[in-house]
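The values are calculated or read from the model by the stated rules, or taken from the named source; none is laboratory data. In this text the structure is predicted, and so the values were computed from the model without any measurement. Cβ coordinates were reconstructed from backbone atoms using ideal geometry, including for glycine residues, and neighbour counts include every protein chain displayed.
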Amino acid sequence: MKIVNIGMNHETAPVELRECLATEPDSARKALASMRDLECINEGLFLSTCNRVEALFTTQAANEAKASMISLMSKLGNLPKESFLSSLYCYEDRDAVRHIFRVASSLDSMVVGEPQILGQIKEAYGQATKQKTSGVVLNRLMHRAFHVAKRVRTETEICEAAVSISYAAVELAKKIFHALEGKAVLLVGAGEMAELAAKHLVANGVSKTVVANRTFERAVQVAQQFNASPVSFEEVGAQLLEVDIVVTSTTAPDYVITYDQVKHALKRRRNRPLFFIDIAVPRDVQPDVNELQNAYVYDIDDLKGVVEFNMAHRQQEAISAERIVEEEVVKFERWLKTLEVVPTIVSLREKADSILQTELKKSRVVLGELTPAQRKAIRILTRSVAEKLINDPILYLKGKAGRPSLNMYLDVTRKLFNMDEDNGVE
Amino acid sequence: MGSGHRGLARGFWGLLGRDMSFLWLSAAVFFELLATGGFVVYIVKQQKWVFRTSYWILVVGFVFHTTFLGFRYYSLGTAPVLNFKSALSFFSWSIICAYLVFQLKFRLMVLGSFVAPFAAFLMIVSTAMPWIEGPVKPIYKSLWFTVHVGTIFMGNGLFAIAFLAAIMYLIQEHQIKRKRFGSFYPRLPSLATLDGINYHSLIYGFPFLTVGMITGSIYAQYALGTYWQWDPKEVWSLITWLFYGALLHERLVAGWRGRRAALMSIFCFCILIFTFVGASFLLGGYHSFESLVAR
């Protein structure tokens, strides 16, 4: 049996290709249904997110299964095979296990450490169990993958730091205000990035948004998006008394918010902290404002610095995460190898059981009428003799799991116990 | 013969009592040091189970410490603070007590990593000092004395928490202001939380200090015949009280907060420590530990 992983991600395939395969939300379910119908695929799982499309399956005939999987993908995306063949990666066994572990732990993501991927994998696995395409091996593999992801998350700091500017701003705001519930944000000027930052702040609990703009109409327009209240540009000074976070992104050539203005406002607001996120270039908030107590100013370069720092930190942490993945791959392989001895052990048990039944049947006539207690005693006696006899061979085989000599021992066992009936007694 | 027996018995129980209290104290010190180690591991490793384990170890240490103090209170007939060794141990106990109460309210795990080492440090100093014990003068066997000492130390414990929170605040604020994030940045809580802890320890600590000083002066009237006699420790306690009062006033009325309040509470705590140590050893007076034992 082989574990195979075939697919494409943000590194190997351009978005035009990926979106063809992940157009409908239903595509994963369809893919699973077709995979189930394929003879050559034993167990299967189909993962489709905006950054990756891949199939994970176990098979006895790897080449045949790969070929049919590729044609399934081409049918699914309505794409000729040649157009995406070069973008595919394909992993087998140990590499496939490592790959799925890395994907689950977000080491293979575009933004290393992003948390969504684990949820997406869990969903894909949920669908596979619902469609009954996952079995012993995939169940174990996926649960190990979730375990690896959890270990990576708790044992490294890979998921901790924000790696986008607006997210970094939210993190900083939380480090200053603790909770953003009940806090108010003022948006001065409207740029795409400022609006994104404001959206993030609102999503994280900021309860009131105020928008100021040179042209009041524009303020009204932007305010509608956030369910915010528009104010005129002249009111910015007064608003400094009401709000806690200020996001500025005007195109004004000089400072819109000055040192004296903030100093005055802080006194009036009894030193409740003010956090300025200055996304504008040239800057809107006078840099000296940061020197005032309880006022914090982060301009675009500061935020970029935070993001870069966090990125570097994540890369650092990724190294220890890879070590965890490697550890778990080895553990999984060990388990996988014990699977090889399972069929022999099962047939050994079956053989013992069938001998037991036949011999009991034969002796029944001689033994005559028995009380239930006697019958039970005989059953226990025969069973324990049989079990004790085969116990040592079973332990021996389990101990050989994963060794190169295993196949020889399996073969000898099958011959000794005459388990493959065809070569019977000569 | 009978009286000899009684004397022997008293000696035996006294000896056993001392051994027992030594046992409680050793257990307390052991668990508190263990908890400190755990809290240090926690701040480095950031694993929740490490915190939970250390927290419960600290609780166990605290229970032993409380038993020890109760035992001593029972055998001395008064609060066990009559020498510097016992006073330090009681100070350490009150800090842990304040922390445990705060932990229930704020659930701020990292605070333990600052409080436990501080309390453990006091305990180490305390245990390193020789165990000298004279007879307890009857004037100390008064409820007023116990209340005076108990409230003062509870206030001190809370101010110690305020002090530690202020240090944490300054570290965190420095990182946010300078935009350079060290390993403390993700480990320390938000500025608002730290300022809140500083504020709450202050607002609860100050009444304790006030009550402690009032009961002290009532006790002085009852024991020495005068409410106030310009003893150095009295004067320095008053100075400490005035500074904390000023800080509280500025916080409540002038809206001080953040860095300035943190700096001020660190300064106030330094005065408090001077009152606790310096005024007792350097300046003499009837509050000094020598005179507490000698007279």
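See the values below:
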| quantity | calculated |
| --- | --- |
| Inter-residue pairs, beta-carbon under 6 Å, first in contact (Cβ under 8 Å) with a residue 12 or more places away in the chain and in the range A:371-383, second of a type outside the set (A, V, I, L, M) and surrounded by 10 or more Cβ atoms within 10 Å (Cβ to Cβ), 6+ apart | none |
| Unique match (being buried (at least 21 other Cβ atoms within 10 Å of the Cβ), closer than 18 Å to B:G245 by Cβ, free of Cβ contacts under 8 Å to residues at least 60 places away in the same chain and away from every other protein chain (no Cβ under 11 Å)) among B:L209, B:L202 | B:L209 |
| Members of the range B:144-168 that are within 17 Å of B:S75 (Cβ to Cβ) and either crowded, with 24+ Cβ neighbours inside 10 Å or out of contact with any Gly (no Cβ under 8 Å at 6 or more places or on another chain) (or both) | B:F145, B:T146 |
| Residue check for A:A168: within 12 Å of chain B (Cβ to nearest Cβ), buried (at least 17 other Cβ atoms within 10 Å of the Cβ) and out of contact with any His (no Cβ under 8 Å at 6 or more places or on another chain) | yes |
| Leading residue by the ranking (surrounded by the fewest Cβ atoms within 10 Å (Cβ to Cβ)) among those in the range A:128-165 that are more than 10 Å from chain B (Cβ to nearest Cβ) and small (G, A, S) | A:G135 |
| Candidate set: the range A:388-409, residues that are touching a helix residue (DSSP H, G or I) at 6+ places or on another chain (Cβ under 6 Å) and small (G, A, S); chosen: the one modelled with the lowest pLDDT | A:G402 |
| In the range B:213-270, residue surrounded by the most Cβ atoms within 10 Å (Cβ to Cβ) [restricted to those that are assigned to a loop (DSSP other than H, G, I, E, B), in contact (Cβ under 8 Å) with a residue 12 or more places away in the chain and in contact with an Asp or Glu (Cβ under 7 Å, 6 or more places away or on another chain)] | B:R257 |
| In the range A:77-90, the residues that are in contact with a Gly (Cβ under 9 Å, 6 or more places away or on another chain) and not in a helix (DSSP H, G or I) | A:L88, A:Y89, A:C90 |
| Filter result for B:S201 (assigned to a helix (DSSP H, G or I) and over 30 Å from B:A262 (Cβ atoms)) | no |
| Among the candidates A:A198, A:A223, A:A179, A:A219, residue that is part of a helix (DSSP H, G or I), of a type outside the set (V, I, T) and within 30 Å of the chain's Cα centre (by Cα) | A:A198 |
| Of all residues in the range A:283-330 being at pLDDT 90 or above, part of a helix (DSSP H, G or I) and touching a Leu at 6+ places or on another chain (Cβ under 8 Å), the one that is surrounded by the fewest Cβ atoms within 10 Å (Cβ to Cβ) | A:E322 |
| Verdict on A:V236 being touching a residue at least 24 places away in the same chain (Cβ under 8 Å), in contact with a helix residue (DSSP H, G or I) (Cβ under 7 Å, 6 or more places away or on another chain) and either in a strand (DSSP E or B) or more than 14 Å from chain B (Cβ to nearest Cβ) (or both) | no |
| Residue check for A:S249: farther than 17 Å from A:E195 by Cα and more than 14 Å from chain B (Cβ to nearest Cβ) | no |
| Set A:V412, A:V425: member being assigned to a loop (DSSP other than H, G, I, E, B), out of contact with any helix residue (DSSP H, G or I) (no Cβ under 7 Å at 6 or more places or on another chain), β-branched (V, I, T) and modelled with pLDDT under 90 | A:V425 |
| Test: residue in the range A:2-9 that is at negative phi, without any contact (Cβ under 8 Å) to a residue 60 or more places away in the chain and either under 22 Å from the mean Cα position of the chain (by Cα) or surrounded by 13 or more Cβ atoms within 10 Å (Cβ to Cβ) (or both) | no |
| Evaluation of A:G182 against (1) within 14 Å of another protein chain (Cβ to nearest Cβ); (2) in contact with a strand residue (DSSP E or B) (Cβ under 9 Å, 6 or more places away or on another chain); (3) surrounded by 21 or more Cβ atoms within 10 Å (Cβ to Cβ) (one fails), failing number | (3) |
| Subset tally (residues that are surrounded by fewer than 23 Cβ atoms within 10 Å (Cβ to Cβ) and either of a type in the set (F, W, Y) or free of Cβ contacts under 8 Å to residues at least 40 places away in the same chain (or both)) for the range A:36-70 | 10 |
| Complete set of residues in the range A:108-125 that are among the small types (G, A, S) and not in a helix (DSSP H, G or I) | A:S109, A:G113 |
| Inter-residue pairs, beta-carbon under 7 Å, first over 15 Å from A:S232 (Cα atoms) and in the range A:178-193, second in a strand (DSSP E or B) and of a type in the set (D, E, K, R), 6+ apart | A:A184/A:K208 |
| Condition check for A:K130: modelled with pLDDT of 85 or more, closer than 27 Å to A:R334 by Cβ, out of contact with any helix residue (DSSP H, G or I) (no Cβ under 8 Å at 6 or more places or on another chain) and of a type in the set (K, R) | no |
| Those helices (runs of 4 or more DSSP H) lying entirely in the range B:34-129 with at least 1 residues touching a residue at least 60 places away in the same chain (Cβ under 8 Å) and within 16 Å of the chain's Cα centre (by Cα) | B:84-106, B:111-128 |
| Cβ pairs under 8 Å, 6+ apart, first in the range B:178-192 and facing chain A (nearest Cβ under 8 Å), second surrounded by 16 or more Cβ atoms within 10 Å (Cβ to Cβ) and small (G, A, S) | B:K179/A:G305; B:P186/A:A161; B:L191/B:G258 |
| The one condition in (1) assigned to a helix (DSSP H, G or I); (2) small (G, A, S); (3) at pLDDT below 85 that A:A161 fails to fulfil | (1) |
| In the range A:254-289, the residues that are farther than 18 Å from A:A184 by Cβ, touching a residue at least 12 places away in the same chain (Cβ under 8 Å) and within 11 Å of chain B (Cβ to nearest Cβ) | none |
| Criterion: among the charged types (D, E, K, R), at pLDDT 85 or above and in contact with a helix residue (DSSP H, G or I) (Cβ under 8 Å, 6 or more places away or on another chain) - qualifying residue of A:E92, A:E64 | A:E92 |
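Matching residues to (1) charged (D, E, K, R); (2) without any contact (Cβ under 8 Å) to a residue 60 or more places away in the chain; (3) more than 30 Å from A:F101 (Cα to Cα):
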site: A:W335; (1), (2), (3): no, no, no
site: A:T338; (1), (2), (3): no, no, no
site: A:P343; (1), (2), (3): no, yes, no
site: A:G368; (1), (2), (3): no, yes, yes
site: A:G402; (1), (2), (3): no, no, no
site: A:N407; (1), (2), (3): no, yes, no
